[in-house]
Structures are given as structure tokens and as C-alpha cells.
1. Kindly express, to the nearest 10 degrees and within the range 0 to 90, the angle between helix 198-210's C-alpha long axis and the longest C-alpha principal axis of the chain.
2. Ratio of the chain's C-alpha Rg to 2.2 N^0.38 Å, to two decimals?
3. Which one of Val34, Asn215, Ala109 is farthest out on the positive end of the charge dipole of the chain, using unit charges on Cβ (Lys, Arg +1; Asp, Glu -1) and the Cα centre as origin?
4. Most fluctuating residue of Ser226, Ser158, Ser125 in a GNM of the chain with Cα springs under 10 Å: which is it?
5. When the chain is modelled as a GNM with alpha-carbon springs shorter than 10 Å, which of Gly239, Gly285, Gly170 fluctuates the most?
6. Report the charge-dipole magnitude of region 141-252 in Debye, nearest 20, computed about the Cα centre from +1 at each Lys and Arg Cβ and -1 at each Asp and Glu Cβ.
7. Straight-line reach only, C-alpha to C-alpha below 30 angstrom: list the lysines that Lys154 could link to, leaving out same-chain residues fewer than 8 apart.
8. Using a Gaussian network for the chain with springs between C-alpha atoms less than 10 Å apart, which of these wobbles most: Val24, Val99, Val179?
Amino acid sequence: MKRIGLLTSGGDCSGMNAAIRAVVRAGLSHNLEVIGFQKGFQGIIDRYYEPLTTKSVSGKMQLGGTFLQSARCLRLHEEQGQRLAADNLIGLGIDGLVVIGGDGSHRGALALQRHGISVIAIPASIDNDIPHTDMSLGVDTALNNIVYAVDCLKDTASSHDRTFVVETMGRNCGYLAVVAGIACGAEYALIPEMKFDIGNICRHLRQRFKEGRDNSIIMVAEGVASAQEIANQIKDQVGFETRIMVLGHYQRGGSPSSFDRLLASRYGVAAVEALVGGEVNQMVGLSCGQIILTDLQTAVEAGRRPIDENVLKLATTLGI
Ligand code: F6P
């Protein structure tokens, strides 16, 4: 193995730069040339790339986003686009490709694997819905962002006896809403994985304010409803002054937490070592604190990762 490729794909997340840095530094330490493709798989199709050196990744660890940029590449959904990408990689003498991204990006990596390219996938998505890993890159930073925002909200909510509905990302996965709900001491976390009764919630909110509580925080995962929809229902039933905060893409940015920097470093090094050791077509992951490899096809075909039962139980026991 002489030359490897690297790209970030799909929705960005914090820690991608740290993962790029780790792949580059580990690759160079194994005497590999590392080629970075710009804007995900599109960079392979358009032959938009640059050789990466330690200088290219210097000072990038602490930056959010991805300096290689990211994109969702529609052409890779088509056989013709996949063939072109694979041919370009072969033409460039790429012996292995590291794909940093979420489930859609991993499906792209699997498509290239089926066209004869050796790939390694690194799970990176704030949604934490990728199976065969306890944590995807970017989740911890997103949680820290949410906790910071909700802590700020609580200050102002308390000053005005207000209820806030806070909308988190996550597509159909409620991980961010429920885990942030636990960490913020929210009253409720409305997630696709658990049924809820808005009537009960409203009765409880009324009771809280009667008891003299000066704020209530309700987390809602975007896969359930919009914050505005939930706020309207509460206002209609209880008549409270209810405000919303849609956290949106703020959750994906910012300097990565130390957890994400370390995870990115471990994933990046494990990806290169797998390629060098001939364990190709794998996804790296974290299981009980250890780095593991899972066959990429198995990981992709496993679908979405469910939220750990223990997390749901914790939330229930805490009355969230
Ligand atoms: O998958 C990551 C994610 O941030 C989801 O949580 C969210 O629904 C989606 O991407 C947003 O996508 P876009 O950046 O295309 O608006």
C-alpha cells in the first residue's frame, strides 16, 4: 500500500478535522502518501484533490467543520457515477479510501467497495444513529452545544416564568434530545422512540407552575414534531407563555470537545492501521471504550442504531 485517499461526506460535524489530521499523520508514519478529496465523493468524480502533509493539517484539530468540505453526492447513487468514481480512484493509484461521514456516506463507501475499491469508514454524525459503534464522531460536541444553549435559556426562562420548547436535530433518532434532556435537567424529552401524551404533559406543567417552579424545558427531537407545533399545543391547552428555540445547525459546529478530539484521533489511526494491515472494507467503531472493526456491509445493512435501553430507562427513572 503506497497511496490512500481521504474524504469527509454528508452532514458535517465537529471532530472531522481532527479525524483528517489523524489519518494524515498515521498515514505518513506508515510511509503512505495521503490524498484529500474535496467536497466528499464529488471530489473523486471531479478529480478535485490535494496531497495532504503534516503542514496541511497543522492547526486544524481544534476547528469545527471540515477543511476538506463536505457534500451529499447524488451521482454516487447511480451506477454510472460509482463506476466513474472507482475508475478515477484506480487511475490515481489510490490503494485504499477512508470515508468519514454518516450512514449515507457509508453506503457510498460500500458502493465503491463493490466496484473493487478498498475502503474504511469512520462514523461521523451528530445523530448517533450509526450501528456497531457506541459513539459517532461529533455527538459529544453537539451535546455540549445543546447543554450550553439550554443552560442559557433556563436563566431567561426563570426570569419570566416561561416554558421553552427546544428542538434538536437527529432525523428520526431521539438520542440528542433524550441525552441532552438528562444532562440539562429538562422536564420532558419528546423522542420518536417513546410515546407521549401532550395532555399529561400540559397537566404536569400547570402543576409545576402552581408549585412555584419558574421555568420548564421540553426537548423535542426533530423527528417528532417542530418546536413550534409543540409550543402551540401547550399554549392552546395551558395558556402559558411558551417560547421556542430551534437549535438547528448550531449543534454541528464549534470547536470539538476533548472527547471528540480523542475519538477522532483513535478512529483515524485505527482506519489507517486497518488498511495497512489488510483489514479492508470495515467500519471503525467504539464498543465499551475499545476500538473495534465491523464489516462495512454488515454495518450498513444493520440500518439505524437504536437508543440504548439503559439511556431510555435512565430518562424514565429521572422522570423525563
Ligand atoms: O444527519 C445530520 C443532520 O444534521 C441531521 O440531524 C439533520 O436532520 C440533517 O443532517 C440536516 O441536513 P442539512 O445539513 O442538509 O440541512
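1. With both axes taken from Cα atoms, the answer is about 60 degrees.
2. Expressed relative to 2.2 N^0.38 Å, the Cα Rg reads 1.09.
3. With unit charges placed on the Cβ atoms, the residue in question is Val34.
4. Looking only at Ser226, Ser158, Ser125, the biggest GNM fluctuation is shown by Ser158.
5. Evaluated over the chain, the most mobile residue of the options is Gly239.
6. The calculated dipole for region 141-252 is roughly 80 debye.
7. The reachable lysines, counting only those whose Cα sits under 30 Å from Lys154, are Lys195, Lys210, Lys235, Lys313.
8. Largest GNM mean-square fluctuation: Val179.
Coordinate-derived values only; no laboratory data. Note that the structure is a prediction, hence the values are computed from the model and not measured. In this analysis, Cβ positions are derived from the backbone assuming ideal geometry, glycine residues included, and neighbour counts consider all displayed protein chains.
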